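Structure record follows, encoded as structure tokens.
No lab work stands behind these numbers, since they all come straight from the coordinates. The shown structure was predicted, so the numbers you read here are calculated from the model rather than taken from an experiment. Positions of Cβ are backbone-derived with ideal geometry, glycine not excepted, and every protein chain shown enters the neighbour counts.
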Amino acid sequence: MATNADIATASPCREITPGEAAHYQEKGWVLLKQFIKPETIADLLAKAKGIMGEDGDSNPPYGIDQPYFNAMLASGHDDPKVRPMLNGIGAAAKRLMARKADVPVRLFNDFFAPKLPANKQTRNQGNGPTSFHQDYITFAVDRTGGMTFWIPLESYGPQAGTMSFIEGSHKLGVLGNYTSYDGKDIREVWPELEDLPMSEQVTYELGDVTAHSHLTVHGAGANLLDRPRWAYLVLPQPADARWNGAPPEAFDPAAHGMTPYGTFPDEAFPIIAD
């Protein structure tokens with residue numbers, strides 16, 4: 001378990017500000033400028049290319065075919081060079097969750113997610129746009145509070161297919177599984193979303209990160225560059241979240257001996273902020 005002393009002395013992440021926390025609570029997302037030290041980002045990019053190849057497309061399929069990105073588990077908590085960063089993300093996530101109860105933060109998942117170039121034939125899927133969607137329903141957890149830290153591994157702008165967020169959409173609650181929309185856009189199914197402002201596609205400098213609630217509706221364009229748009233995604237959850245018994249996309253309950261409404265085991269889903 002990460003202690004406050006560990007985070008203060010070892011993490012390459014800065015602390016988030018009260019203004020950033022307030023923006024997240026109000027809008028459902030926040031851009032954290034220069035949140036992670038560039039040398040840590042460089043280590044992550046080297047790790048990603050070592051697993052997935054320079055083209056971001058040399059890995060075996062990971063089991064879910066969709067156009068948003070190609071993905072591969074990173075298992076960063078097992079890497080002593082990455083673990084201090086995860087502890088820093090855990091501390092930031094706890095601040096953004098803003099729970100009155102003193103609930104630790106659990107690492108739910110972390111993976112590399114290069115969006116492949118739209119103008120190239122690819123081995124894996126992952127070279128299309130990202131339809132607007134909510135993340136929450138696919139994780140099969142029984143409570144809100146989870147979020148994604150989206151970490152670009154190079155500087156990117158809209159041409160790379162960066163995200164836009166429908167601001168305040170996290171306040172509408174759970175909007176259903178995207179597979180239940182019968183091919184429609186989420187904004188057709190929920191016209192209320194058209195009444196909310198949408199952010200511009202984010203422009204990231206090296207070290208910038210966005211954090212968004214798993215209830216926040218977001219999407220992205222295709223990658224129009226001639227190379228992968230490299231990203232590393234870290235998904236913290238409140239440590240008191242339980243598996244709700246629904247079929248999950250992000251984990252295998254049987255592999256971890258899990259039962260509906262039982263706790264997530266610390267060995268597979270470690271605590272990253274106490």
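Each Cα pair of the chain feeds into the Kirkwood radius, which the Stokes-Einstein equation turns, at 20 °C and 1.002 mPa s, into a diffusion coefficient of 114 µm²/s. Please list log₁₀ I(q)/I(0) at q = 0.19 Å⁻¹ for the stretch 20-133, using the Debye equation with identical point scatterers on the alpha-carbon positions. Relative scattering, expressed as log10 I(q)/I(0), comes to -1.17.
With only Lys, Arg, Asp and Glu charged, each at its Cβ (+1 for the first two, -1 for the last two), find how big the charge dipole of the chain is about the Cα centre; round to the nearest 20 debye. Intermediate values should be presented prior to the final figure.
Numbers: 23 positive and 34 negative charges, 51 e Å.
Its charge dipole is roughly 240 debye.
Ranking A118, Q25, G76 by Cα position along the charge dipole of the stretch 1-123, where only Lys, Arg, Asp and Glu carry charges on their C-beta atoms, puts Q25 farthest toward the positive end.
Kindly identify the stretch 88-228 as rounded, prolate or oblate by the Cα gyration tensor criterion: order the square roots of the eigenvalues as a ≥ b ≥ c, call it rounded if a/c is under 1.5, otherwise compare a/b with b/c, prolate if a/b is larger, else oblate. It is oblate, given that a/c is not under 1.5 and a/b is not larger than b/c.
What is the magnitude of the charge dipole of the stretch 104-248 about its Cα centre, with +1 placed on the Cβ of each Lys and Arg, -1 on the Cβ of each Asp and Glu, and no other charges, expressed in debye to the nearest 20?
On the way: 11 positive and 16 negative charges, 104 e Å.
About 500 debye.
Scalar couplings 3J(HN,Hα) for the stretch 237-246, obtained by applying the Karplus form with A = 6.51, B = -1.76, C = 1.60 to θ = phi - 60°, are 10, x, 5, 8, 5, 10, 5, 8, x, 6 Hz; x denotes Gly and Pro.
Build a GNM of the chain with springs between Cα atoms under 10 Å apart, and of I186, I41, I89 the one that fluctuates most is I186. Backbone amide hydrogens, once placed in the peptide plane, bring W243 within less than 5 Å of Y261, G262, F264, excluding anything fewer than 5 places away on its chain. Annotation for the stretch 189-235 versus the stretch 55-94: alpha-carbon center distance of 17 Å.
Take the Cα of E192, step 7 Å toward its Cβ, do the same at D102, and the gap between the two points is 3.6 nm. In the chain, the calculated helix contribution to ellipticity at 222 nm averages -5500 deg cm²/dmol per residue, counting -39,500 (n - 2.57) for every DSSP H run with n ≥ 4. For the chain, a Gaussian network of Cα nodes joined below 10 Å ranks S164, S58, S213 by mean-square fluctuation, and the top entry is S58. Kindly provide the pair-distance distribution of the stretch 156-204 built from C-alpha pairs, with 10 Å bins from 0 and whole-percent values in order of increasing distance. Percent of pairs per bin, in order: 23, 43, 32, 2. Identify the residues of the stretch 120-152 with backbone N under 18 Å of a label point that sits 7 angstrom from the Cα of D79 along the Cα-to-Cβ direction, or state none. Those under the cut-off are 149-152. Mean-square fluctuations from a GNM of the chain, with a 10 angstrom spring cutoff on Cα atoms, peak among Y181, Y136, Y204 at Y181. Counting neighbouring Cβ atoms within 10 Å and putting the fewest first, the residues K184, K171, K100 line up as K100, K184, K171.
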